[in-house]
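J.: Here it is, the structure, as structure tokens.
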Amino acid sequence: MRLILPVGLIATTLAIAPVRFDREKVFRVKPQDEKQADIIKDLAKTNELDFWYPSATHHVAANMMVDFRVSEKESQAIQSALDQNKMHYEILIHDLQEEIEKQFDVKEDIPGRHSYAKYNNWEKIVAWTEKMMDKHPEMVSRIKIGSTVEDNPLYVLKATKTYGRNKIMTKLLDQMNFYILPVFNVDGYIWSWTKNRMWRKNRSKNQNSKCIGTDLNRNFNASWNSIPNTNDPCADNYRGSAPESEKETKAITNFIRSHLNEIKVYITFHSYSQMLLFPYGYTSKLPPNHEDLAKVAKIGTDVLSTRYETRYIYGPIESTIYPISGSSLDWAYDLGIKHTFAFELRDKGKFGFLLPESRIKPTCRETMLAVKFIAKYILKHTS
């Protein structure tokens, strides 16, 4: 039996200066009706709004919390327009660059060494995978499943057993294998460290466009391109030129297809919002085992909250967050993996994509409680 845990992250290098975000702001607006929702959409047409939640303008609806980033130059005009239209808003982040720098708030134990309490760059992550193999060769192996458009390797770690300190993990690993993809969007992740901290897409070139990158979680062959407004190569949610057009998507789909008869559950991790999601994203139709998925998600979120009382909501992607097509979650489900889940990790917007390092360990501890529950449930209820 296999449990696959790909971690969907964010965002490589040219001789250009890193982007700075001095005095840029993140607004949270809650439109009270469709008229106010339309005002936000109109503002997005005339101003450069970077939507953090939802992921794009067309998802904005009445009574939805809408978070977006705006430049220092445009922030005053946006604030005036919101005031003029008597819209309720708050400024979550007053100076984005300051918040980016404050994100790294844990002192390194040993400079240059991988730390479970810090955000690690790609070089440190690769070194850590090598260390795990050398230290525990009987437990951990590393599989190269492909490479990125910039020729960085895509690694999956296979964990097969543990040495008995943690009884639950020992029991689970005695009966299942875990496949873990630490970073899916490697090129984009490197770019987010070196050039643009807020980068989300991969780094592939787009034909007939100066804009770079595809949103890998819109590039899977799951009702691909059925949701409108994902065909702009300059948008953060660009779905790519075709399903599985990206090398990264192709690598993970080929790997999963080749192990399909063994994989029982697929879990992916994103940020932010504190949600546990399951299919579908591309339709309001509920999957045949909806009740089972909802039951697992409910207990999973309950278990997660026992550690620090962190509250998650749960449900199908389409109704819980917003409609999306081309997601890895729906693709894995339609392929035949009948338990697929996505965690949208901490927090609910105070820090957004810039969760401080000091919150990493608590987030990991509580999330692992839910992952262990899901794994135990799968062992008990599937053959």
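The values are calculated or read from the model by the stated rules, or taken from the named source; none is laboratory data. Source: prediction; values computed, not measured. For neighbour counting, all protein chains shown are included, and Cβ atoms are generated from backbone atoms with ideal geometry for every residue, glycine included. Remember, those area values only see protein heavy atoms, side chains included, never the ligands or the DNA or RNA. Shrake-Rupley method; radii C 1.70, N 1.55, O 1.52, S 1.80 Å.
J.: Among the residues of the range 202-218, are any closer than 18 Å to residue 269 by Cα, open to solvent by 10 Å² or more (accessible area, probe 1.4 Å) and hydroxyl-bearing (Ser, Thr, Tyr)?
T.: no
J.: Here is a list: 165, 200. Which entry is among the charged types (D, E, K, R) and closer than 23 Å to residue 317 by Cα?
T.: On inspection, the qualifying residue turns out to be 200.
J.: Related question: hydroxyl-bearing (Ser, Thr, Tyr), surrounded by fewer than 16 Cβ atoms within 10 Å (Cβ to Cβ) and assigned by the TED database to the domain that holds residue 256: which single residue out of 280, 308 fits that description?
T.: Residue meeting the stated conditions: 308.
J.: If you don't mind, there's one more thing I want to ask. What are the residues in the range 88-141 that are aromatic (Phe, Trp, Tyr) and over 16 Å from residue 183 (Cα atoms), if any?
T.: Passing the criteria: 89, 104.
J.: When you go through 230, 268 one by one, which is the residue that is in a loop (DSSP other than H, G, I, E, B), among the β-branched types (Val, Ile, Thr) and in the same structural domain as residue 189 (by the TED database)?
T.: 230
J.: Please count how many residues of the range 39-79 are polar (S, T, N, Q), part of a loop (DSSP other than H, G, I, E, B) and within 26 Å of residue 100 (Cβ to Cβ).
T.: Selection size over the range 39-79: 3.
J.: The conditions are (1) farther than 23 Å from residue 181 by Cβ; (2) touching a Pro at 6+ places or on another chain (Cβ under 9 Å); (3) open to solvent by 30 Å² or more (accessible area, probe 1.4 Å), and residue 346 fails exactly one of them. Which is it?
T.: (1)
J.: Could you please let me know if residue 63 is over 23 Å from residue 324 (Cα atoms) and among the polar types (S, T, N, Q)?
T.: Taking the combined requirement at face value, the residue does not satisfy it.
J.: Does residue 336 count as open to solvent by 20 Å² or more (accessible area, probe 1.4 Å), closer than 16 Å to residue 265 by Cα and small (Gly, Ala, Ser)?
T.: Against the criterion (open to solvent by 20 Å² or more (accessible area, probe 1.4 Å), closer than 16 Å to residue 265 by Cα and small (Gly, Ala, Ser)), residue 336 qualifies.
J.: Out of 248, 291, which single residue is in the same structural domain as residue 216 (by the TED database), within 28 Å of residue 158 (Cα to Cα) and either open to solvent by less than 10 Å² (accessible area, probe 1.4 Å) or among the acidic types (Asp, Glu) (or both)?
T.: 248
J.: Something else: Give the range 185-197 a look and list any residue that's part of a loop (DSSP other than H, G, I, E, B) and open to solvent by less than 20 Å² (accessible area, probe 1.4 Å), or say none.
T.: Passing the criteria: only 185.
J.: A further question follows. Give me the pairs: first residue in the range 359-371 and outside the structural domain of residue 304 (by the TED database), second residue among the small types (Gly, Ala, Ser) and surrounded by fewer than 20 Cβ atoms within 10 Å (Cβ to Cβ), beta-carbon distance under 7 Å, and six or more apart or on different chains, which are they?
T.: So the pair list comes out empty.
J.: Would you point out the residue of the range 126-143, among those that are in contact with a strand residue (DSSP E or B) (Cβ under 8 Å, 6 or more places away or on another chain) and under 24 Å from residue 175 (Cα atoms), that is surrounded by the fewest Cβ atoms within 10 Å (Cβ to Cβ)?
T.: The residue in question is 143.
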